[in-house]
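The values are calculated or read from the model by the stated rules, or taken from the named source; none is laboratory data. Small disclaimer: the values here were computed from a predicted structure and weren't measured. Glycine also receives a Cβ, built like all others from the backbone with ideal geometry; neighbour counts cover every protein chain displayed. Ligands, DNA and RNA are stripped out before the accessible areas are found, and what is left, the full protein with its side chains, is counted by its heavy atoms. Shrake-Rupley method; radii C 1.70, N 1.55, O 1.52, S 1.80 Å.
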Protein chains: 2
Amino acid sequence: MSLLVVGTVAFDAVETPHGKVPRMLGGAATYAAVAASYFASVRLVAVVGEDFTTRDHSIFRGRSIDTRGLERVPGRSFFWSGKYSQDMNERTTLDTQLNVLAEFDPKLPAEYRDSRFVFLGNIQPSLQLRVLHQLRRKPRLVALDTMNYWIEGALSDLRAVLRHVHVLLINDSEARQLSGRHNLLQAAARIQAMGPRAVVIKRGEHGATLYRGQQLFVAPALPLHRVWDPTGAGDSFAGGFMGSLTASGKTDDSSLRRAMIHGSVMGSFAVEKFGLERLRRLTRKQIHARARKFHHITRFTL
Amino acid sequence: MSLLVVGTVAFDAVETPHGKVPRMLGGAATYAAVAASYFASVRLVAVVGEDFTTRDHSIFRGRSIDTRGLERVPGRSFFWSGKYSQDMNERTTLDTQLNVLAEFDPKLPAEYRDSRFVFLGNIQPSLQLRVLHQLRRKPRLVALDTMNYWIEGALSDLRAVLRHVHVLLINDSEARQLSGRHNLLQAAARIQAMGPRAVVIKRGEHGATLYRGQQLFVAPALPLHRVWDPTGAGDSFAGGFMGSLTASGKTDDSSLRRAMIHGSVMGSFAVEKFGLERLRRLTRKQIHARARKFHHITRFTL
């Protein structure tokens, strides 16, 4: 089974209390695809500009990532620049240059159109919907990520695509904004009424919670000695989560719980170095060991 | 086995987004003693004034709470008044009247002096130390709670008592303040170097983490539909935690993990009504059911 990943491949400039990187490969689809590729094969759909070199492309090589859907067009790639606060709980966007993303119209190669597991990374909701329309049959599981920008500026498009989505991945403040409810149980219930039968609310250093009907699963964040760069943690979570489900081929409660842990594992690795540096050099053994660590820090007997 | 609980019995005035109560029974020792009494018998040491009536005293009756150490002296009881922010993550103290607490000198009745499990609630660190000096022999487990006020104003006394403490219960901002470290793994390691072999860092709606050497245990907070009043949640956690350990008579890893869950259970009940209203009317069956709920929301298989 393959996972379809749609989103951005970008260049980022990032400043955290631990350092400053003026230009590095990033983008939601890059983090998600690399994270997912440790679990399942990935089909990537994104657009890059002429500044995306063979060397940049090497991030996808040697992994089970199909890049036939990675379009290269004239112009420059999407660029984002941001700075994190001292405690890294807040970030300020310093610059956003859409560049080739402004004209992005995701096209699924014919070979991708039978995809059963789909992750729609954070892009314009109308484009996310267009991806779904290109699938030959109804997918098993569609997960979607979005952000405050679209909740504020493209709410009706977002609500249209949400009707076709099974799992919404969203952070706590966005969940509150989208639902108009501060309490997260209430927020999740309201969002489930918009379409997604499950909502994953990401709370950064406090972990992530899966709300599915009346069912709950709380995944902790792994306490880490140092967080170097939170960029891409949420997308790495999404990649681990969806990669895990794609590999299992199942969407039952037990597989969803395991996917929450695999998402948390990949998120915890992502922040340990700048950009994709930690994520790109992992082994399956390291991933399994960290998943067992999550088990160790949560198990108890009554 | 009995748990010795030392701390405040007070009256509180509390305002939250869900209501306002001008005067209700409160105090760290009250919450901790009532919470612990569902697990083990409790020996209470505190001071109240003449305004503490027979009706107020009924909170302790019908439970296994020994109140021979509850001193009644001329004057008024300790009074605290506070208001919570809209999201209840912050609170402002509006008024503090020490009253009889100003002259409090905790005296252990002879029958209490063999106590092996001790909870030192949040009072002046020098008084916490004086309690320990009155014990006939070295206790099995001493847990201590404190606050920013003592970290700022009585640090050397606090560090003196910490040398005799096994478990420090503290919230995240206080852990950072006491250790001078923002990262909580580093903060916990620094605090362990001050004496306590274990540190429980309480993170309110985000749960609590136990740091013990290199061992970690992360307890989630139960997502609740509505939090009415966060007052006493931390003390109820401490009561459930220490009551559970006292009942088991053990301090091994498995018992500490179970105690973290029992603490979280009692904290989750405490906030469901104002003051002690929810906590005082629980059954063992409800407590067990909620503990199983914590198990349900955290269990997974890899």
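With all protein chains in place and ligands, DNA and RNA left out, the 1.4 Å accessible area ranks B:ARG72, B:ARG284, A:ARG63 as B:ARG72, B:ARG284, A:ARG63, largest first.
With K and R counted +1 and D and E -1, the other residues having a Cβ less than 12 Å from that of B:LEU25 yield a net charge of -1. The 1.4 Å probe gives accessible areas that order B:VAL142, A:VAL73, largest first, as A:VAL73, B:VAL142. Distance between the pseudo-spin-label points of B:HIS133 and B:GLU152 (7 Å out from Cα toward the beta carbon): 2.8 nm.
Using a probe radius of 1.4 Å on protein heavy atoms only, what is the accessible area buried between chains B and A, both sides summed, to the nearest 100 Å²?
Interface area, both chains combined: 3300 Å², rounded to the nearest 100.
Amide H contacts for A:LEU3 (H built 1.01 Å from N in the peptide plane; partners 5 or more residues away or on another chain; cut-off under 5 Å): A:SER41, A:VAL42, A:ARG43.
Remark on segment B:245-284: accessible area falls by at least 20 square angstrom from chain-alone to full-complex state for B:ARG257, B:ARG258, B:ILE261, probe 1.4 angstrom.
Of the GluC sites (Glu not before Pro) found in segment B:70-126, those that fall in a DSSP loop while having at most 12 other beta-carbon atoms within 10 Å are B:GLU90.
Comparing the full protein assembly with the isolated chain, the residues of segment A:202-226 losing at least 40 square angstrom of accessible surface (1.4 Å probe) are A:HIS206, A:LEU216, A:VAL218, A:PRO223, A:HIS225.
Partners of B:LYS107 within straight-line reach, counting aspartates and glutamates whose Cα lies under 13 Å from its Cα and excluding those fewer than 8 residues away in the same chain: B:GLU71.
For chain A, with all protein chains in place and a probe radius of 1.4 Å, 48% of the accessible heavy-atom surface sits on carbon or sulfur. Computed with a 1.4 Å probe on the full set of protein chains, the accessible area for B:SER173 sits at about 70 Å². A 1.4 Å probe run over the protein chains yields, for segment A:149-302, 38 Å² of accessible area per residue, whole-number rounding. Rounded to the nearest 5, the antiparallel percentage of DSSP beta bridges internal to the protein assembly as shown is 40%.
For B:MET194, neighbours were defined as the other residues whose beta-carbon sits under 9 Å from its Cβ, and their charges (Lys and Arg +1, Asp and Glu -1) total +3. For A:THR301, the accessible area of its heavy atoms, probed at 1.4 Å with every protein chain present, is near 80 square angstrom. The label-point distance for A:SER41 and A:LYS83, in a model that sets each label 7 Å from Cα toward Cβ, rounds to 4.6 nm. For A:LYS293, the lysines whose Cα falls under 26 Å of its own Cα, not counting residues fewer than eight places away in the same chain, are A:LYS202, A:LYS250, A:LYS273, A:LYS285, B:LYS202, B:LYS250, B:LYS293. Note on A:LYS107 and B:HIS57: with the Förster distance fixed at 51 Å, the Cβ-Cβ geometry gives a FRET efficiency of about 0.10.
Accessible area of A:LEU162 (1.4 Å probe, protein heavy atoms only, ligands and nucleic acids ignored): about 0 Å². A Gaussian network model of chain A, with springs between Cα atoms under 10 Å, assigns the largest mean-square fluctuation among A:THR96, A:THR251, A:THR54 to A:THR54.
Accessible area ranking (1.4 Å probe, heavy atoms, ligands and nucleic acids excluded), largest first, for A:THR67, A:THR92: A:THR92, A:THR67.
Based on DSSP H segments of at least four residues, each scored -39500 (n - 2.57), chain A has a per-residue ellipticity at 222 nm of -10000 deg cm²/dmol.
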